[in-house]
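Written below as C-alpha cells is the structure these notes are about.
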Amino acid sequence: MSELGDRLRQARERQGLSLAQASVDTRILQASLAALEEGAYQRLPGDVVVRGFIRNYAQYLGLPPDEMIELYRRERGGTDPIRIVPATNPPRTRAYVLPSFLGVFFVTMALVGLAYVTLNAVGRIGDRAGGVVAESTVVAPPPSPLPTVTPAIMPTTAPVAQPAPPLPATPDTPVAGGNVEPPAQASPEITPTPSAPIVLEIVIPNSRGTENSWVRVQTDGSTAFEGIMRSGEKLVFEAQRRVFVRAGNPPDVQVTVNGLQQGPLGQAAGQPVNWFWPPN
C-alpha cells in the first residue's frame, strides 16, 4: 500500500466525502483520484500532471501540499523536485563597449605623429620654394653718377620789333591817323523755349442752359484730371507732346490750345467724345 494514498483516503473518509463528491469539487476524474489513493501511479498521466493532482487534492482535503508531494517523490524513486521558472524574458539591455584607455592613447599619439609629419613636410616645401626664389633674385649694382655738364651761357639780345603792316583801307575805316575801331558784330537773337509747348484750357461756360460734364484729361500719357466740371469752371493743363480729352457732355465743354479757341468738343449732348491734340 502507498502511504500517500492511505493519508489521502483517511482524510477524505474523516470528512465523510465520497470519491464522486471529491471529483466534482476538485474537477479531477474519479478514476484519477482512486489511482492516487491506491498508489497506482502507472494509471496516471505524466509526473507533472500527477504533482498537480496531488497539490489540488491535498489542499481540498486540508493536507499540506508540499509534504504530500514529497511522499509522492520518495515513492516514485526520489526524483528531483520540479522547479517552476517564470516564462518571462528578461529585458534586453543594449551593450555599450567602452574604449580602453590604452586604445585611446595609441590613437591620439598616432594622430599627433601624423600631424607633425605633415607640418614638417609642408615646412620643407616652403623652405625649398623660398631658396629658389632667393637664388633667382639678381641684385643690380647701383647706377654710376652721371657727369655734371655746365651749360654755356649764351648772350641774349632783345629782338628788334618789326613794324606792323598797314591795314587795308575800307570804306568804313578812316585812313587818317587815329585808332581803328573794328566793325561791331550783331549778336544772335535768342528765342526763349517755352516750358510747355501745349497749353490746354478747358472751360464750361456759365450760360443759360449749360449743364455740368464729366471730363478726363491725359497729358503725355498720364491722367492729369478726372471728375465733374461744373458750369463756369475753368481748368488749365500743360503738356510737352500730346493731350487727350474725353467729355461726357461734349456741347458744354469748350477747349483752347495755346490761345486758339477750338470750340465745343461735340454737338450731341450725352454722347461721350474723345478729343486729341495734335489731331490725328
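Of note:
- All of (1) among the β-branched types (Val, Ile, Thr); (2) assigned to a helix (DSSP H, G or I); (3) modelled with pLDDT of 90 or more hold for Val107 with one exception: (3).
- Counting only strands (runs of 3 or more DSSP E) that sit wholly inside region 200-280, those with at least 2 residues that are in contact (Cβ under 8 Å) with a residue 40 or more places away in the chain and β-branched (Val, Ile, Thr) are 243-247, 254-257.
- Residues that are farther than 18 Å from Asp66 by Cβ, part of a helix (DSSP H, G or I) and either β-branched (Val, Ile, Thr) or in contact (Cβ under 8 Å) with a residue 24 or more places away in the chain (or both), drawn from region 7-16: Arg9, Arg12
- Checking each residue in region 17-47 for being assigned to a loop (DSSP other than H, G, I, E, B), at pLDDT 90 or above and not aliphatic (A, V, I, L, M) picks out Ser18, Arg27.
- Boolean, Arg55 is part of a helix (DSSP H, G or I), on the phi < 0 side of the Ramachandran plot, of a type in the set (Lys, Arg) and in contact (Cβ under 8 Å) with a residue 12 or more places away in the chain: yes
The values are calculated or read from the model by the stated rules, or taken from the named source; none is laboratory data. If you're wondering where the values come from, they're calculated on a predicted model, not measured in any experiment. Positions of Cβ are backbone-derived with ideal geometry, glycine not excepted, and every protein chain shown enters the neighbour counts.
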